[in-house]
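Here the structure comes first, spelled out in structure tokens, and everything after it is commentary.
What follows is calculated from the coordinates using simple rules that are stated; it is not laboratory data. Remember, it's a predicted structure, so these values are computed and weren't measured experimentally. Backbone-built Cβ (ideal geometry, glycine too); neighbour counts: all protein chains shown.
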Ligand code: GLU
């Protein structure tokens, strides 16, 4: 395989799809050596096929806002790869959503899902709908209109959406309601991240953040270090950051920083349970700003407008919001301030320059597709519970989540050894790729 040649051809075919090309480049770079040891992959043109989605649906979503005005958005579903199971992956509602973003996310999801050990293919979808400032009625009408278009392309054994940025249990509820009405059947396995009242799984809301921290614990264990007393920062205040802050605190770490699009908040003594709970309120307010947090906890925290959370000195940095949220300069700031470990809980949270800076400085760094896989893994467990018409206890789900995160960590270590340093990026990419590539090869040219 010639990575440069493949990238040049992809850039010509998909000009301007920056995030997608970035994600593909990262994977191809890591797998090149292993790929070239398997001539059967080249013969089956695995790499040329694996980088293109199986199919993409795009559709117009029309809805009426509270003022009675008609609004129009674009909806997408990228069914990326189904070699190891039905398409699976979240829906993102954010004003910046475009095809490049969803193709990158679907591509990443394919390998992430392979790492979970569960039989799930990769997909992603969403819309450029901006939930900021929308009323509950507007959210409901948009979700209904979105599902009106999407429903025929999904199903419990074909394609199973879930949440992502801008899509939580409320949106999943509205979307499932419309699906059920159109499909004329009650099959909750068609979507995950549901409310616990009607088919959701215990621990699913917390799973991405919890899983991320279980992964971090394994990274630290490998280094004979403990998480107790470590200063942790998370970016954002959404579902992922919330779960991560909760578990980090439970494990004895101090969460000393969080952020929003408007700035960052330092909490020198670490977040309390009340503060962590308040993150939920902040998110539910739909305003997408973090400053109210600092106002509410004025004596224990400090808000800095317009700055990213990476300026706050810490031992462990956990990107938990959006792709490319931590760049080369941010990485340098963290390194100068003595960061000891970085784990992406967001998808592709770090730019290639940031990753290189951490690796050059031998700072343990793990990528989103390994660290945040606990979310989709627990979605897989939700699908299993739906299929057997049973609900497991939170202990049971948490125990399985633990096992899955440990096995992902082991896979990264197995493939990522580099004299004395574990290259988790390489490890995760090779482990995920091998599983999907072998399945594609075994299923022939289809
Ligand atoms: N959006 C999450 C992710 O990036 C979860 C997907 C799912 O549960 O299907 O993995």
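What number of residues within the stretch 162-176 are within 15 Å of the ligand (Cβ to nearest atom) and either touching a strand residue (DSSP E or B) at 6+ places or on another chain (Cβ under 9 Å) or closer than 20 Å to residue 72 by Cα (or both)? So that I can check it myself, show each step before the final result.
Going residue by residue through the stretch 162-176, those that are within 15 Å of the ligand (Cβ to nearest atom) are 162-169, 171-172, 175-176.
If we keep only those that are either touching a strand residue (DSSP E or B) at 6+ places or on another chain (Cβ under 9 Å) or closer than 20 Å to residue 72 by Cα (or both) as well, we get 162-167, 171-172, 175.
Matching residues across the stretch 162-176 total 9.
Give the stretch 62-82 a look and list any residue that's over 22 Å from residue 15 (Cα atoms) and touching a strand residue (DSSP E or B) at 6+ places or on another chain (Cβ under 9 Å), or say none.
Of the stretch 62-82, the ones over 22 Å from residue 15 (Cα atoms) are 62-73, 82.
Within the stretch 62-82, 62, 63, 64, 65, 70, 71, 72, 73, 82 meet the criteria.
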Cβ pairs under 6 Å, 6+ apart or interchain, first in the stretch 121-146 and more than 23 Å from residue 86 (Cα to Cα), second more than 16 Å from the ligand (Cβ to nearest atom) and in a strand (DSSP E or B), ordered by first then second residue, are 128/73; 128/74; 129/73; 141/63; 142/63; 145/61; 145/63
Quick one: in the stretch 94-138, which of the residues that are farther than 27 Å from residue 429 by Cα and outside any loop (DSSP other than H, G, I, E, B) is nearest to the ligand (Cβ to nearest atom)?
-> 127
For the stretch 349-359, does any single residue satisfy the condition of being buried (at least 24 other Cβ atoms within 10 Å of the Cβ), within 16 Å of the ligand (Cβ to nearest atom) and within 23 Å of residue 235 (Cα to Cα)?
-> yes
Would you mind stating whether residue 345 is buried (at least 24 other Cβ atoms within 10 Å of the Cβ), more than 26 Å from residue 256 (Cα to Cα), within 16 Å of the ligand (Cβ to nearest atom) and in contact (Cβ under 8 Å) with a residue 12 or more places away in the chain?
-> no
Filtering the stretch 143-161 down to residues that are buried (at least 24 other Cβ atoms within 10 Å of the Cβ) and within 11 Å of the ligand (Cβ to nearest atom), which residue is nearest to residue 243 (Cα to Cα)?
-> 161
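What is the residue count in the stretch 177-226 for residues that are within 22 Å of residue 369 (Cα to Cα) and either more than 16 Å from the ligand (Cβ to nearest atom) or in a helix (DSSP H, G or I) (or both)? Walk me through how you get there before you give the answer.
In the first step, residues of the stretch 177-226 are kept if they are within 22 Å of residue 369 (Cα to Cα); the result is 191-193, 201, 203-223.
Still in the running and either more than 16 Å from the ligand (Cβ to nearest atom) or in a helix (DSSP H, G or I) (or both): 204-223.
Selection size over the stretch 177-226: 20.
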Show the residue pairs that are 6+ apart or on different chains and have beta-carbon atoms under 7 Å apart, the first residue being within the stretch 151-167 and under 13 Å from residue 125 (Cα atoms), the second being in a helix (DSSP H, G or I) and within 8 Å of the ligand (Cβ to nearest atom).
-> 162/379
The condition from (1) under 23 Å from the mean Cα position of the chain (by Cα); (2) closer than 22 Å to residue 230 by Cα that residue 324 misses is numbered (2)
